[in-house]
Amino acid sequence: MSPDEFLQQCDILEAQALAAFAAAEAACDSKQLEAARIEFLGARSGRIKQLQKALGAVPATANPAAGKRFNELKRKVEAGLDGAAERIAMRSRQQAEAQRQRAFDPTVPGTALRLGRLHPITQTIEELKDIMGRLGFAVAEGPEVEDEWHNFEALNIPPEHPARDPLDNFYLATAARCATEIPNGGAPSLNPTEAPPRLLRSQTSTVQIRVMEQMRPPVRVISCGRVYRPDTPDDTHFPMFHQIEGLMVDRDVTMGHLKSTLRLLARMAFAPDVEIRFRPSFFPFTEPSVEVDMTWESGWIEMGGAGMVDPNVLRAVGYDPEVYSGFAFGLGIERICARRHGVTDIRQFFRNDVRFLHQF
Ligand code: DAH
């Protein structure tokens with residue numbers, strides 16, 4: 001092959017290769033580009049390889065110029081391939097992204113997220129705290145695991161009182177008592193000194209004692225929380241339920257204060273025309289004691305218990321009953337909540353069924 005012919009072949013090959021790459025690029029077709037690469041740059045039978053063989057046939061005198069041109073050809077074709085490959089890859093990425101964005105249809109309705117909310121009992125507690133707060137009652141807390149002093153003794157419930165029957169309360173098993181109650185049970189290393197019995201509180205009246213032990217009159221507090229009794233569940237009973245306890249102690253507190261406070265509470269919690277009435281009753285920690293009823297749908301329904309704090313209770317916490325008097329009340333929160341929402345089975349409050357809970 002003459003040198004001129006060789007140089008001409010180089011020009012032709014360069015133009016054809018670059019044209020083939022440009023065509024593949026225009027089609028954004030990486031397979032087409034790969035085919036062009038094999039055609040021109042294929043290691044064995046690519047057209048540039050073929051031309052390299054022809055280089056051997058160029059007369060030796062013209063060889064440097066022909067060799068230089070061949071190297072240039074190879075470099076340009078390789079650079080052309082790389083550039084085309086890079087641009088095809090970039091455009092493919094852009095097209096994929098555009099496709100992804102087209103696939104997102106903002107007009108399709110989304111999955112509605114259901115917002116969580118407070119449990120109806122918690123909502124009721126919050127409202128009761130709010131109502132009583134406006135009447136000047138602060139919120140007090142007490143533990144759910146209690147000793148007998150706070151749950152019974154200080155509340156004027158003596159040891160022989162039926163309310164203290166272990167079958168009517170959730171006493172905690174202590175190590176020493178486990179050892180005696182479980183036949184052949186218990187490790188021999190158990191501490192023989194019996195720990196003082198403790199129980200899940202059966203009433204929030206415990207908090208009355210805790211508050212009065214902590215402060216001097218005037219006292220005006222409520223306490224809301226869980227209480228526990230081994231009752232068989234039915235539509236009005238559950239072994240765990242909630243109470244709101246109220247306590248006011250000062251000089252000259254009378255039953256009139258008790259009645260007007262409960263009337264205001266009932267009216268704010270239920271309806272502005274609600275009436276309440278007292279029926280004589282008995283609780284160890286109040287004297288006199290009353291059962292509180294309120295009007296509801298042309299009749300009377302029970303709200304809870306109340307009374308004037310028994311002098312023995314005042315003495316138990318170091319208050320002088322000659323100087324101070326007080327009232328107390330205890331109401332069931334499930335009962336209040338159920339009545340307000342027309343719930344007829346209080347077990348529903350504790351099933352955690354969102355179809356029920358979502359109504360509130
Ligand atoms: N502790 C009583 C109970 O659980 C309710 C109660 C009655 C609370 C009278 C009081 C009260 O503070 O004065 O049945």
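The values are calculated or read from the model by the stated rules, or taken from the named source; none is laboratory data. Bear in mind the structure is a predicted one, so any value in this text is a computation, not a measurement. Cβ: placed from backbone, ideal geometry, glycine included. Neighbour counts: every protein chain shown. What goes into the accessible areas is simple: the full protein's heavy atoms, side chains included, and nothing from ligands, DNA or RNA. Shrake-Rupley method; radii C 1.70, N 1.55, O 1.52, S 1.80 Å.
Tabulated results
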item: Simple Cβ-charge dipole of the chain, Lys/Arg +1 and Asp/Glu -1, about Cα centre, in debye nearest 20; result: 2220
item: Protein accessible area in segment 289-355, 1.4 Å probe - carbon and sulfur %; result: 44
item: Efficiency of FRET from Cβ geometry, Gln50 and Glu86, R₀ 35 Å, rounded to 0.05; result: 0.85
item: Per-residue SASA entry for Ser281, accessible area with 1.4 Å probe, Å² rounded to 10; result: 40
item: In nm, spacing of pseudo-spin labels at Cys28 and Tyr171 (7 Å Cα→C-beta vector); result: 8.2
item: Per residue solvent-accessible surface (Å²) - segment 210-360, probe of 1.4 Å; result: 48
item: Separation between Cα centres of segment 280-353 and segment 118-141, rounded to whole Å; result: 15
item: Fully extended contour minus Cα-Cα distance, from Leu113 to Asn63, at 0.36 nm per residue; result: 10.2 nm
item: Extension gain from Ala98 to Asp130, taking 0.36 nm per residue of separation minus the Cα-Cα distance; result: 6.0 nm
item: Highest-fluctuation residue, Ile12, Ile121, Ile131 considered, GNM on the chain with Cα pairs under 10 Å; result: Ile12
item: Accessible carbon and sulfur surface of segment 48-169 relative to its total accessible area, %, 1.4 Å; result: 57
item: Choice from Asn71, Asn169, Asn156 with maximal GNM fluctuation in the chain (Cα, 10 Å cutoff); result: Asn71
item: Spacing of the two label points (7 Å from each Cα toward its C-beta) at Arg315 and Ala138, in nm; result: 2.8
item: Segment 317-360 residues near the modelled Asp235 label - backbone nitrogen below 11 Å, point 7 Å along Cα→Cβ; result: 343-347
item: 5 angstrom amide H check on Ser281, placed H, neighbours 5+ away; result: Ser289, Val290, Glu291
item: Estimated 222 nm signal from helices in the chain, with DSSP H stretches of n ≥ 4 weighted -39500 (n - 2.57), rounded to 500; result: -13500 deg cm²/dmol
item: Full-stretch length increase - His257, Phe270 - with 0.36 nm per residue and alpha-carbon distance subtracted; result: 2.7 nm
item: Efficiency of FRET between Arg347 and Thr295 - r from beta-carbon atoms, R0 22 angstrom, step 0.05; result: 0.25
item: Area accessible to solvent at Thr111, 1.4 Å probe radius, in Å²; result: 130
item: Glu39 - accessible surface, heavy atoms, 1.4 Å probe, Å² rounded to 10; result: 80
item: Count, lysine Cα pairs under 20 Å in the chain, 8 or more residues apart or across chains; result: 8
